[in-house]
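Report on the structure given below.
The values are calculated or read from the model by the stated rules, or taken from the named source; none is laboratory data. Keep in mind it's a predicted model, so treat the numbers as computed, not measured. Cβ atoms come from the backbone with ideal geometry, glycine included; neighbour counts cover every protein chain shown. Ligands, DNA and RNA are stripped out before the accessible areas are found, and what is left, the full protein with its side chains, is counted by its heavy atoms. Shrake-Rupley method; radii C 1.70, N 1.55, O 1.52, S 1.80 Å.
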Amino acid sequence: MKKGLILEGGALRSLFSAGVMDVLMEHGIEFDGLVGVSAGAAFGCNYKSRQPGRVLRYNQQQAHEWRYCSIRSLITTGDIFGGEYCYHTLPDIIDRFDVETFDSNQMEFYAVCTDVETGRAEYRLLMHHGYECYEWIRASASMPLASRVVKIGSRKMLDGGIADSIPLKFFQQKGYDRCLVVLTQPEGYVKRPNSLIPLMRWSLRHYPEFLHAAAHRHIMYNQQLQYVRQEEAAHRAFVIRPKHKLSIHYISHDPREMQQVYDEGRAAALEKLSQIISYLQ
């Protein structure tokens, strides 16, 4: 039996997922693999490094740091979440990422990105830290229009949620037969077409396959939600989702709002903790 943890994205909505993760880590629940999309990857790597509390801590501490997240950062660097500051300066110097634990932990960690030239998902296995590892995580969380295309070697990547928002099927195909899925939208949520597609058609005009995937993302996402419900009903997946729409937006500079969303994730995990343990066993 292989146990997998699947984390969808949602920018700072994923503080809900951070609350869930911290409860699981505090209770010694281990997984054979974790796959994270966008903020699910950026926050999920802390499960492999076994650092409960770190996600909430650095988001609150950096809430008013322009190099972390701001329009000023977008104008001066091309990334609303500063690429160099968030993914290199912060983990290396400011709030240190436990690279020794990350490297020694045998849990498989996948970050999902979208190849802008093919429009297809890239599932990158990241077992050891390093500059390139952090760049794959950055690419996974780089939202179109709010981020530059991330170049890694000959590859060009952006937000993994464009091509595969909830990679449950991917993990099942990898042999994970006990999957815990953490969503950041409540039951009944339906994704609508992206109103920013016209802007993307201009800014990403050199990447028609990516634009096609972005324009059809709402269809893909809603189909994935239906699949998650199907697998949940058949007891082939265990799902944790917010009880209602989270109050936080993609971006927030309010530590209290961050705390509230994080606490909702903790409460959701604690409420179902015995069921989770039973399911994974």
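Structure data summary
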item: Whichever residue in the range 8-48 is under 10 Å from the mean Cα position of the chain (by Cα) and part of a loop (DSSP other than H, G, I, E, B) and, among such residues, is surrounded by the fewest Cβ atoms within 10 Å (Cβ to Cβ); result: Gly10
item: Set Ser252, Ser203: member being of a type in the set (Gly, Ala, Ser), farther than 17 Å from Val190 by Cα and surrounded by fewer than 18 Cβ atoms within 10 Å (Cβ to Cβ); result: Ser203
item: Top-ranked residue of the range 268-281 - restricted to ones that are touching a helix residue (DSSP H, G or I) at 6+ places or on another chain (Cβ under 8 Å) and small (Gly, Ala, Ser), ranked as most open to solvent (accessible area, probe 1.4 Å); result: Ala268
item: Residues of the range 255-267 satisfying the condition of being more than 28 Å from Ile277 (Cβ to Cβ) and open to solvent by 60 Å² or more (accessible area, probe 1.4 Å); result: Arg256
item: The listed residue being at pLDDT 95 or above, within 24 Å of Met157 (Cα to Cα), in a loop (DSSP other than H, G, I, E, B) and under 18 Å from the mean Cα position of the chain (by Cα), out of Phe97, Phe102; result: Phe97
item: Count of residues meeting criterion [surrounded by 15 or more Cβ atoms within 10 Å (Cβ to Cβ) and closer than 18 Å to Gly265 by Cα] in the range 51-97; result: 8
item: All positions within the range 159-173 that are open to solvent by 20 Å² or more (accessible area, probe 1.4 Å) and in a helix (DSSP H, G or I); result: Lys169, Phe170, Gln172, Gln173
item: Cβ-Cβ under 9 Å pairs, at least 6 apart or on other chains, the range 241-262 side more than 15 Å from Cys69 (Cα to Cα) and basic (Lys, Arg), far side open to solvent by 80 Å² or more (accessible area, probe 1.4 Å) and assigned to a loop (DSSP other than H, G, I, E, B); result: Arg241/Glu187; Lys243/Glu187
item: Within the range 237-276, considering residues that are part of a loop (DSSP other than H, G, I, E, B) and of a type in the set (Ser, Thr, Tyr), the one modelled with the lowest pLDDT; result: Tyr250
item: Residues being of a type in the set (A, V, I, L, M), surrounded by fewer than 22 Cβ atoms within 10 Å (Cβ to Cβ) and in a strand (DSSP E or B) - total across the range 105-146; result: 2
item: Among residues of the range 66-87, those that are β-branched (Val, Ile, Thr) and outside any helix (DSSP H, G or I), counted; result: 1
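Every residue, every condition in (1) aliphatic (A, V, I, L, M); (2) closer than 15 Å to Arg120 by Cβ; (3) open to solvent by less than 70 Å² (accessible area, probe 1.4 Å); (4) not in a loop (DSSP other than H, G, I, E, B), yes or no:
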residue: Met157; (1), (2), (3), (4): yes, yes, yes, yes
residue: Tyr176; (1), (2), (3), (4): no, no, yes, no
residue: Gln185; (1), (2), (3), (4): no, no, yes, no
residue: Gly188; (1), (2), (3), (4): no, no, yes, no
residue: Leu225; (1), (2), (3), (4): yes, no, yes, yes
residue: His235; (1), (2), (3), (4): no, no, no, no
